[in-house]
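Here the structure comes first, spelled out in structure tokens, and everything after it is commentary.
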Amino acid sequence: MIGKLLREIDLPPLWLALFAAITWALAQVAAMPLPYDRPLGGALIGLGLALMGVAAAQMVLHHTTFIPRRDPSDLVTSGVFALSRNPIYLGDALVLAGLALWWQVPLGLLLVPLFMGFITIRYIRGEEARIAAHFGDSYAAYRARTRRWL
């Protein structure tokens with residue numbers, strides 16, 4: 001029962017929040033203002049949130065899930081999914097980078113590739129296997145023409 005509960009709350013936004021909290025903590029001890037850090041950070045946060053929203057809306061319109069570890073019912077390859085196979089995770093990474101700039105902690109930018117690697121291992125690889133099992137050659141063709149991140 002507890003294992004199932006933990007699996008249900010083990011979602012990418014939780015990990016984004018954890019990485020954001022670490023970034024904020026770094027800002028409390030190692031803040032270093034840079035030129036244009038707040039405007040650039042705000043722009044990245046806005047872009048990341050918009051990308052996540054558009055991608056989730058596209059998935060809803062295609063009547064497929066955007067919840068990790070659930071079986072997809074459709075392969076979405078158009079719109080923002082033509083730019084990245086993982087636009088929601090890309091949006092998460094943009095938000096994290098934006099927060100590091102907004103909180104004026106350039107050191108926090110080092111957490112972005114760590115977050116991306118963690119998300120790839122924890123979620124993306126399993127999702128890719130699930131999608132490949134469901135959509136076979138269609139997914140292989142999509143994967144060949146569209147990068148995982150950007």
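The values are calculated or read from the model by the stated rules, or taken from the named source; none is laboratory data. Just so it is clear, the structure is predicted and the values come from calculations on it, not from any experiment. As a convention, Cβ positions derive from the backbone with ideal geometry for all residues, glycine included, and neighbour counts pool all protein chains shown.
Brief remarks follow.
Quick grid of which residues meet (1) closer than 11 Å to Leu75 by Cβ; (2) in contact with an Asp or Glu (Cβ under 8 Å, 6 or more places away or on another chain); (3) at pLDDT 95 or above:
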| position | (1), (2), (3) |
| --- | --- |
| Leu114 | no, no, yes |
| Thr120 | no, no, yes |
| Tyr123 | no, no, yes |
| Ala133 | no, no, yes |
| Ala141 | yes, no, yes |
| Ala144 | no, no, yes |
| Leu150 | no, no, no |
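- Among all positions in the stretch 65-81, there is at least one residue which is charged (D, E, K, R) and within 17 Å of the chain's Cα centre (by Cα).
- Flag for Gly98 being more than 30 Å from Gly136 (Cα to Cα), in contact (Cβ under 8 Å) with a residue 12 or more places away in the chain and not hydrophobic (A, V, I, L, M, F, W, C): yes
- Counting only helices (runs of 4 or more DSSP H) that sit completely within the stretch 42-150, those holding 3 or more residues that are exposed (fewer than 15 other Cβ atoms within 10 Å of the Cβ) correspond to 111-119, 125-145.
- Subset of the stretch 82-121 (residues that are β-branched (Val, Ile, Thr) and either closer than 20 Å to Ala133 by Cβ or under 11 Å from the mean Cα position of the chain (by Cα) (or both)): Ile88, Val95, Val112, Ile119, Thr120, Ile121
- Residues within the stretch 22-52 that are of a type in the set (Gly, Ala, Ser) and within 11 Å of Trp103 (Cα to Cα), tallied: 6
- Subset of the stretch 1-32 (residues that are at pLDDT below 90, more than 21 Å from the chain's Cα centre (by Cα) and not in a helix (DSSP H, G or I)): Met1
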